[in-house]
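**Student:** Below you'll find the structure I mean.
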Amino acid sequence: MHYHCEIIMPKTKDISKSIEEIMLPFSENNEESEDHSGHSFWDWFVIGGRWAGTKEKCTYNAESLEKFYVKLQENKVTVSGIQAGKQSLEPKSQIPLVDNIWNEFFPTENGEIVACPLFAHSNNQYDSNDLLSCDICRVDEIPENLTCSRVIIAGLDYDDKKMEAKFMLSDSMWNGVNHVDTTWDKKVLSAVSEWAGKLKNYRKEYAEKVTPKEDWICVTVDYHG
């Protein structure tokens, strides 16, 4: 199955490389890792992916979104019966119509016509470079109602050479037999607050280094596990 992860980390020149460093210890295919043995949770991941546009979706006006769907129904818009990620418009000839309707209710500031982010044609879900608005955003831009399956808060390692996970929350945990739901409410900002609370017991210098700042970034990741 595919799951939605948000990774919070300091600003970096190479986001893809940093994400790979953070995720590697938890790969089911990583035979070199000893620190996280037995705690792997993914065998494939991509930045954005089928969750591209999720953060922006949290900011949509509910009334406008309802009107958008009503207009799709009025125009008898249809989707494919096979779904892998976002729904796909079928036939594809409907794409210009849907995009125009989307931009009618959610116009861009510069008037540019953009692909409707709710459907699969809006991005290549297998390409980490094909992202939508807010897939990589600042911490102070994280929507209050943003939820996901897993949050990782990362920081530089002891030698300041690479990124590594410092704190992680998941909506369920594997106990060796089955998955058990956790008490986390799935909200990304709740995870940030919980980490901040734990850091009160850490040495001040260390806490300062790994406490998410407003200008840190939050990256949407689609992983399969």
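The values are calculated or read from the model by the stated rules, or taken from the named source; none is laboratory data. Since the structure is predicted, the reported quantities are computational estimates derived from the model, not experimental observations. Every residue, glycine as well, gets a Cβ built from its backbone with ideal geometry; the counts of neighbours run over all protein chains shown.
**Student:** Within the stretch 61-72, can one find any residue that is touching a Pro at 6+ places or on another chain (Cβ under 8 Å) and either within 14 Å of Pro117 (Cα to Cα) or of a type in the set (Gly, Ala, Ser) (or both)?
**Tutor:** no
**Student:** Here are Ser93, Ser64: which of them is at pLDDT 95 or above, exposed (fewer than 15 other Cβ atoms within 10 Å of the Cβ) and touching a Phe, Trp or Tyr at 6+ places or on another chain (Cβ under 9 Å)?
**Tutor:** Going through Ser93, Ser64 in turn, just one is at pLDDT 95 or above, exposed (fewer than 15 other Cβ atoms within 10 Å of the Cβ) and touching a Phe, Trp or Tyr at 6+ places or on another chain (Cβ under 9 Å): Ser64.
**Student:** Would you confirm whether any residue within the stretch 11-29 is modelled with pLDDT under 95, surrounded by fewer than 20 Cβ atoms within 10 Å (Cβ to Cβ) and either among the hydroxyl-bearing types (Ser, Thr, Tyr) or closer than 13 Å to Thr220 by Cα (or both)?
**Tutor:** No, because not a single residue in the stretch 11-29 is modelled with pLDDT under 95, surrounded by fewer than 20 Cβ atoms within 10 Å (Cβ to Cβ) and either among the hydroxyl-bearing types (Ser, Thr, Tyr) or closer than 13 Å to Thr220 by Cα (or both).
**Student:** Go through the stretch 121-197 and tell me which strands (runs of 3 or more DSSP E), entirely inside it, have 2 or more residues that are in contact (Cβ under 8 Å) with a residue 24 or more places away in the chain and of a type in the set (Gly, Ala, Ser).
**Tutor:** 150-156, 163-170
**Student:** Another question about this same structure. Restricting the search to the stretch 144-161, which residues are surrounded by fewer than 18 Cβ atoms within 10 Å (Cβ to Cβ), of a type outside the set (S, T, N, Q) and farther than 18 Å from Asp14 by Cβ?
**Tutor:** Matches in the stretch 144-161: Glu144, Tyr158.
**Student:** If Lys71 satisfies all but one of (1) under 22 Å from Asn123 (Cβ atoms); (2) outside the structural domain of Leu169 (by TED's automatic domain parsing), what's the number of the condition it fails?
**Tutor:** All conditions pass for Lys71, except number (1).
**Student:** Another question, then. Starting from the stretch 203-218, keep only residues that are of a type in the set (Phe, Trp, Tyr), then list their pairs with residues that are surrounded by fewer than 16 Cβ atoms within 10 Å (Cβ to Cβ) and in a strand (DSSP E or B) whose Cβ atoms are within a distance under 9 Å, requiring at least 6 positions of separation or different chains.
**Tutor:** Listed by first residue and then by second, the contacts come to Trp216/Arg138.
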